[in-house]
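S.K.: The structure's right below; bear with me while I get my questions together.
The values are calculated or read from the model by the stated rules, or taken from the named source; none is laboratory data. Treat the numbers as computed from the prediction; the structure is a model and nothing was measured. Backbone-built Cβ (ideal geometry, glycine too); neighbour counts: all protein chains shown. Side chains included, ligands, DNA and RNA excluded: accessible areas come from the protein's heavy atoms. Shrake-Rupley method; radii C 1.70, N 1.55, O 1.52, S 1.80 Å.
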There are 2 protein chains.
Amino acid sequence: MADILHRVGIKSSLDEVYKALTTREGLAAWWTNNTQGESKVGGVIQFRFSAGGDEIGGFDMKVLELHPAKRVLWQVVDGPAEWIGTKVSFDLKQEGDYAMVLFKQQGWKEPVEFMHHCSTKWAIYLMSLKSLVETGKGNPNPNDTNISGIGD
Amino acid sequence: MADILHRVGIKSSLDEVYKALTTREGLAAWWTNNTQGESKVGGVIQFRFSAGGDEIGGFDMKVLELHPAKRVLWQVVDGPAEWIGTKVSFDLKQEGDYAMVLFKQQGWKEPVEFMHHCSTKWAIYLMSLKSLVETGKGNPNPNDTNISGIGD
């Protein structure tokens, strides 16, 4: 098993970051514009991505835990085979003026090349989350930063 | 043991990317301006970082493997305790117009919070490498993107 880990610090309150992680409007403003569903425990959120105007797939996340201003835990229930069953968590804590976000996608069966790609891409999206909360403007798909030139 | 994985695609030849990974001038133009030493097998390269005008530490990398246009392998011989002994590799392959860089820092003893930080930071620096090779301008320390607001 292998995990993707990241950390960003956001000049903000924990509440503001939590809101961006747990509302459809928030998620759509940093991860992907095409976000549907409801962020409630037991619910499923659908994230869909596009490139060049075409939908290229996405992920369905079941919401397992919601602890206000503290922790969000999802499990991937549909999407690429390598993602299904992995868990995505965001743990929050305040350090001075910054809300620190510890991110983890745990449970990849193998460290395949796609996992390398997704690790870098998560970093880019977490920087989009940081930008959204600090400036009011994120860079969600389809306006996200292309990291590889192929497909995204 | 835990590993940091990333992948970026750079619109370039493998030779150009390899040059940016194996010359003092190249490394200084995407990772840190303060790069000393020589990239030869058995040699040690010193990378030092600063924030707010003060040096905040760095890494000494022993060069273990150099395969032109294909692979670079370093081992950390000095730096933060968590880094010492870890290995850093860059594997290169051409895909169409893009040089794909598979990055790995392997051998972290524990997935500590510092590892989360370093994972995100590596993504930022690999995007700096991509920018350097594609546009001629990278964002090496001390002009790198601050991801956490604390110290860097």
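S.K.: Does any residue of segment A:138-152 turn out to be under 16 Å from the mean Cα position of the chain (by Cα) and hydrophobic (A, V, I, L, M, F, W, C)?
M.R.: So far as segment A:138-152 goes, no, none of its residues is under 16 Å from the mean Cα position of the chain (by Cα) and hydrophobic (A, V, I, L, M, F, W, C).
S.K.: Here is a follow-up. Kindly check whether there is at least one residue in segment B:61-70 that is in contact with a Leu (Cβ under 8 Å, 6 or more places away or on another chain), β-branched (Val, Ile, Thr) and open to solvent by 60 Å² or more (accessible area, probe 1.4 Å).
M.R.: Checking segment B:61-70: not a single residue is in contact with a Leu (Cβ under 8 Å, 6 or more places away or on another chain), β-branched (Val, Ile, Thr) and open to solvent by 60 Å² or more (accessible area, probe 1.4 Å).
S.K.: For the condition without any contact (Cβ under 8 Å) to a residue 24 or more places away in the chain and more than 23 Å from A:Pro142 (Cβ to Cβ), what is the one hit in A:Leu73, A:Leu66?
M.R.: The match here is A:Leu73.
S.K.: For B:Tyr98, all conditions in the list (1) within 23 Å of A:Met127 (Cα to Cα); (2) touching a residue at least 24 places away in the same chain (Cβ under 8 Å); (3) more than 15 Å from the chain's Cα centre (by Cα) hold save one; what is the number of the exception?
M.R.: (1)
S.K.: Check segment B:45-56 and report whether any residue there is within 21 Å of B:Lys121 (Cβ to Cβ) and within 14 Å of chain A (Cβ to nearest Cβ).
M.R.: For segment B:45-56, residues within 21 Å of B:Lys121 (Cβ to Cβ) and within 14 Å of chain A (Cβ to nearest Cβ): present.
Residues are listed down the side, and each one gets a yes or a no for (1) modelled with pLDDT of 95 or more; (2) in a strand (DSSP E or B); (3) in contact with a strand residue (DSSP E or B) (Cβ under 7 Å, 6 or more places away or on another chain):
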residue	(1), (2), (3)
B:Asp3	yes, yes, yes
B:Val8	yes, yes, yes
B:Tyr18	yes, no, yes
B:Glu25	yes, no, no
B:Gly42	yes, no, yes
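S.K.: Being open to solvent by less than 10 Å² (accessible area, probe 1.4 Å) and of a type in the set (A, V, I, L, M, F, W, C) is the filter; apply it to segment A:6-32 and report the residue that is nearest to the other protein chains (Cβ to nearest Cβ).
M.R.: Only one residue tops the list, namely A:Val8.
S.K.: Of everything in segment B:123-152, what is surrounded by 21 or more Cβ atoms within 10 Å (Cβ to Cβ) and either farther than 20 Å from B:Thr23 by Cβ or without any contact (Cβ under 8 Å) to a residue 12 or more places away in the chain (or both)? Give them in sequence order.
M.R.: B:Ala123, B:Ile147
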